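Peer 1: Below you'll find the structure I mean.
The values are calculated or read from the model by the stated rules, or taken from the named source; none is laboratory data. Quick caveat: nothing in here was measured; it's all calculated off a predicted structure. We place every Cβ from the backbone using ideal geometry, glycine too, and count neighbours over all the protein chains shown.
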Amino acid sequence: MSALQIRNLQHKYALTEVLSNINLDLAAGETLALVGPSGCGKSTLLHIIAGLLTPSEAVIKNDFRGTACMFQEPRLLPWKTAEDNITLGLKALHVPKQACRQQAQNIAKTLGLTADDLNKYPHELSGGMQSRIALGRALIIKPDLLLLDEPFSALDIGLKLELYRLLRQHITERGSSVLMITHDLMEAVRLADRIVMMIPEPGRLIGEFTLQQSHAERSETWIYQTTAKLMANDRIRIGFGLAEGSLNLTEHLHTQHSGCSI
Ligand SMILES: Nc1ncnc2c1ncn2[C@@H]1O[C@H](COP(=O)(O)OP(=O)(O)OP(=O)(O)O)[C@@H](O)[C@H]1O
Ligand SMILES: [Mg+2]
């Protein structure tokens, strides 16, 4: 049974339809990666799921109790220190100051941030540091649904791998569900249980790929091979604009959302 169910979602900005007939499910404990080219409507869909935007039409059932979001831009409060930004959600839950501080320090450590970084204001931090603060702010409230919009795009590869590990650990320990947006197919293969491909104008879901391999058994070789296999898939190629002449695009795009296991 899905904890989140979206049926027949449509969204328009003024007269422009940006999302069309979106049907999506997310089970408790599942990690879903939404991939698609720039401008196809991924962030719009995430904002709708977060309840920050009302869709033009949709039937949405959402049984998650606590949701935390990490947006595409870190959205830190410029007048608050990194520590105060991380603990915003805890303060809203009336967690005592000392406990907030302790939890912020613990999470900062796992995110590769120093005590000195925690005293800085957002403008004194690099883009990657700001992203980590935003991830810390989302993780610290231990949400059962985590909505992540390109959480790792501003980070170097070493830090990315460390944060992938941290996120998977969080998911395993908490049993949280995650909906993450990424442009990086290999990142999706590393982290997700299921990958959904979206295409633009208007934003639609055209393919769904279930990754059968358990996370414990995903070796680097498996990750490379699976990414290569997906890159050869027609729907992925169409989605990323890689499909060439021989494919019958119209036929593919008119076929509804199809699913397969990989
Ligand atoms: N507030 C808005 N008002 C009008 N149009 C918007 C608004 N926000 C987004 N759009 C348009 O809706 C479409 C989808 O935008 P969205 O930000 O959801 O795409 P995206 O898939 O997240 O792109 P990216 O990968 O570049 O972040 C784009 O054409 C964008 O220009
Ligand atoms: Mg976006």
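Peer 1: Restricting to region 33-71, name every residue that is within 16 Å of ligand 2 (Cβ to nearest atom) and assigned to a strand (DSSP E or B).
Peer 2: Result: Ala33, Leu34, Val35, Cys69, Met70.
Peer 1: Further, regarding this structure: Between Lys80, Lys120, which is in contact with a Phe, Trp or Tyr (Cβ under 8 Å, 6 or more places away or on another chain), outside any helix (DSSP H, G or I) and not assigned by TED's automatic domain parsing to the domain that holds Ala28?
Peer 2: Working: Lys120 fails: in contact with a Phe, Trp or Tyr (Cβ under 8 Å, 6 or more places away or on another chain).
Testing whether each residue is in contact with a Phe, Trp or Tyr (Cβ under 8 Å, 6 or more places away or on another chain), outside any helix (DSSP H, G or I) and not assigned by TED's automatic domain parsing to the domain that holds Ala28 leaves just Lys80.
Here is a yes/no grid of residues against (1) under 21 Å from the mean Cα position of the chain (by Cα); (2) closer than 18 Å to His170 by Cβ:
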| position | (1), (2) |
| --- | --- |
| Ser20 | yes, no |
| Ala33 | yes, yes |
| Asn62 | yes, no |
| Ala68 | yes, yes |
| Ala92 | no, no |
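Here is a yes/no grid of residues against (1) crowded, with 17+ Cβ neighbours inside 10 Å; (2) β-branched (Val, Ile, Thr); (3) touching a Lys or Arg at 6+ places or on another chain (Cβ under 7 Å):
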{"site": "Leu26", "(1), (2), (3)": "yes, no, no"}
{"site": "Leu32", "(1), (2), (3)": "yes, no, yes"}
{"site": "Val35", "(1), (2), (3)": "yes, yes, no"}
{"site": "Gly41", "(1), (2), (3)": "yes, no, no"}
{"site": "Ile49", "(1), (2), (3)": "yes, yes, no"}
{"site": "Leu53", "(1), (2), (3)": "no, no, no"}
{"site": "Glu57", "(1), (2), (3)": "no, no, no"}
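Peer 1: Sticking with this structure for a sec: For residues that are more than 26 Å from Asn62 (Cα to Cα) and part of a helix (DSSP H, G or I), tally how many sit in region 136-163.
Peer 2: The number of residues fulfilling the criteria is 7.
Peer 1: Check Lys109, Lys142, Lys91, Lys97 and return the single one that is surrounded by fewer than 17 Cβ atoms within 10 Å (Cβ to Cβ), more than 16 Å from ligand 2 (Cβ to nearest atom), closer than 26 Å to Leu34 by Cβ and not acidic (Asp, Glu).
Peer 2: Criteria check complete, one pass: Lys142.
Peer 1: Would you check if there is a residue in region 21-30 being assigned to a loop (DSSP other than H, G, I, E, B) and farther than 25 Å from Ile140 by Cβ?
Peer 2: No: zero hits.
Peer 1: Report yes if Gln225 is without any contact (Cβ under 8 Å) to a residue 60 or more places away in the chain, more than 16 Å from the chain's Cα centre (by Cα) and either not in a helix (DSSP H, G or I) or not assigned by TED's automatic domain parsing to the domain that holds Gly29 (or both), otherwise no.
Peer 2: Answer is no for this residue.
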